[in-house]
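Down below is the structure, laid out as structure tokens.
We did not get these values from a lab; they are worked out from the coordinates using the rules stated. Quantities reported herein were computed from a predicted structural model and do not represent experimental measurements. Counting neighbours? That spans all protein chains shown, and the Cβs are built from the backbone with ideal geometry, glycine included.
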Amino acid sequence: MSRRAVTVGGALILGGGAYYLYNAGGDPKLAEKQAENDAARLSNKIKSELPGSAKEAKTQAKATGQEIGNKFDNAVYSAQEEAKRAAEQARQYGQDAEKRLEQARKDAGQKLTGAVDKFDNTVEQNAAKAKSGISSWFGGK
């Protein structure tokens with residue numbers, strides 16, 4: 001049994017004992033007799049109400065067990081399906097992220113190439129201007 005069941009059971013027994021002891025005015029023997037009397041009455045009442053229903057109780061318990069089993073199986077199946085859907089969705093998100101990352105890499109590469117080309121053209125133009133300026137100093141055309 002679980003620890004909680006033992007604790008609850010112990011608390012119920014202790015509470016029942018306290019109830020009978022209180023009703024008996026603190027006399028433990030009288031409390032014990034009252035508890036035995038109540039237990040006997042309860043047992044007789046249960047026996048009188050269930051003389052032929054043992055088969056019915058077994059049938060009902062079996063049907064209830066099957067119903068609980070079916071509900072449990074359905075819950076497990078639903079959980080598995082939900083897990084499959086979540087895994088598929090996670091896979092899709094991963095693929096989308098990979099595509100976006102690849103596109104971002106391409107875009108960054110294109111921008112970098114464009115910036116390098118622009119810088120290169122600017123350097124070449126400035127170098128050409130400087131060359132023509134220096135050549136004119138030495139008599140070149």
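Once the convex hull of the alpha carbons of the stretch 74-132 is built, what does its volume come to per residue, in cubic angstrom?
Measuring per residue, one finds 32 Å³ for the Cα hull of the stretch 74-132.
Which is farthest toward the positive dipole end of the chain among 125, 34, 65, measuring Cα position about the Cα centre, with Cβ charges +1 (Lys, Arg) and -1 (Asp, Glu)?
Of 125, 34, 65, it is 125.
Given charges of +1 on the Cβ of Lys and Arg and -1 on the Cβ of Asp and Glu, with all other atoms neutral, how large is the dipole of the chain about its Cα centre, in debye to the nearest 20?
Here the size comes out at about 380 debye.
Where a ≥ b ≥ c are the square roots of the eigenvalues of the C-alpha gyration tensor, would you call the stretch 1-84 rounded, which needs a/c under 1.5, or, failing that, prolate if a/b is larger than b/c, or oblate?
oblate
Could you tell me what a quarter of the Cα convex hull surface of the stretch 1-49 works out to, in nm² with one decimal place?
4.3
Treat the chain as a sphere of radius equal to its Kirkwood radius over Cα pairs and apply Stokes-Einstein at 10 °C in a medium of 1.306 mPa s; give the translational diffusion coefficient in µm²/s, rounded to a whole number.
61
When we measure straight from the Cα of residue 45, which lysines land under 29 angstrom away, once same-chain ones fewer than 8 places off are left out?
Partners found: 29, 33, 55, 58, 62.
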